[in-house]
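Here is the structure we will look at, set down as structure tokens.
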Amino acid sequence: MQTAFWKMHGASNDFILIDDRTLTFPVEDSAWIARMATRRTGVGCEGVILIQPSETSDFRMRFFNPDGAEVEMCGNGARCVARLAHELDAAPEQMTIETVAGQLRAQVNGTQVRLWMTPPKDWHLNMMLNLKDQEHTCHAVNTGVPHAVIQVADIDEVPVQELGAAIRYHAAFAPTGTNANFMQVTGPDSLRVRTYERGVEAETLACGTGMVACGLVAGKLGLVSQPVRITPASGDLLEVAFSLTEAGADAVTLLGPAMHVFEGTIRRDAN
């Protein structure tokens, strides 16, 4: 079996995208999905994304982490799949996308894509977590997937791998765990962010839902005005906008690039 794919990235967060409108992709074969995502022996990516038919939206987006497990959604991945779906005539420039997390809206303008996120939920501000025998103030919000956010003074000094793993597996976020983000306020409307991503189990160069979580938390705490300009580890610049409400926030958008890298076919060999 050979499968055609597109390799894309959003702010250096890279993905394998597959047009599965025929519903022939073996979604049950998590081992093969993991092999596709493995660098050196596979194509290599931080997520495998399928375009499938939808009864409620222009198309359905399914997202699989590099370990082969399906999760709710991905902000950078959703921007990439929006651009590809439009180029494949699977969706207009302004589209709706069905995800496990809920329906998204997106607008494609060349290489830039604006994504209207699902309403944030499960807010928990000013939690105290014991991490590596130190107390840390942590904030949590679900922006399609769960995220924890810790404000730091110098983001370059954060041991993201060690501290991120401690947060990801902390009992406070059991049983499913959480993504872990570290943010530094760098201006009246700007942040730098580094993210340890669940499923990747390592720091990634960018995480769309993580940047949205950081922007929302910083806005809720009164640390920044908005739209919030956010720079992830990749060095790209993305923009998060929202309207604060008593319950949290709504009208949340993420604006950033969606770039093609290459396309090809991958063979599903038995092993």
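The numbers here are math on the coordinates, done by the rules we state, and not lab data. Because the structure is a prediction, the values reported are computed rather than measured. So basically every Cβ, Gly included, is an ideal-geometry build from the backbone, and we count neighbours across all protein chains shown.
Side notes on the structure shown:
- For the listed peptides 114-121, 86-93, 132-139, a ranking on the average number of other beta carbons within 10 Å per residue, highest first, reads 114-121, 86-93, 132-139.
- Assuming charge only on the beta carbon of Lys and Arg (+1) and of Asp and Glu (-1), the dipole of the chain about its Cα centre is about 180 debye to the nearest 20.
- Helix-derived mean residue ellipticity, 222 nm - over the chain, DSSP H n ≥ 4, -39500 (n - 2.57), to 500: -5000 deg cm²/dmol
- Partners for LYS220 among lysines (Cα-Cα distance below 26 Å; same-chain residues under 8 apart left out): LYS121
- Pair-distance profile P(r), taking every C-alpha pair of the chain, with 5 angstrom steps and integer %: 1, 6, 14, 18, 19, 17, 12, 7, 4, 1, 0
- The distance from the alpha carbon centre of the stretch 197-239 to that of the stretch 1-67 is 24 Å, rounded to a whole number.
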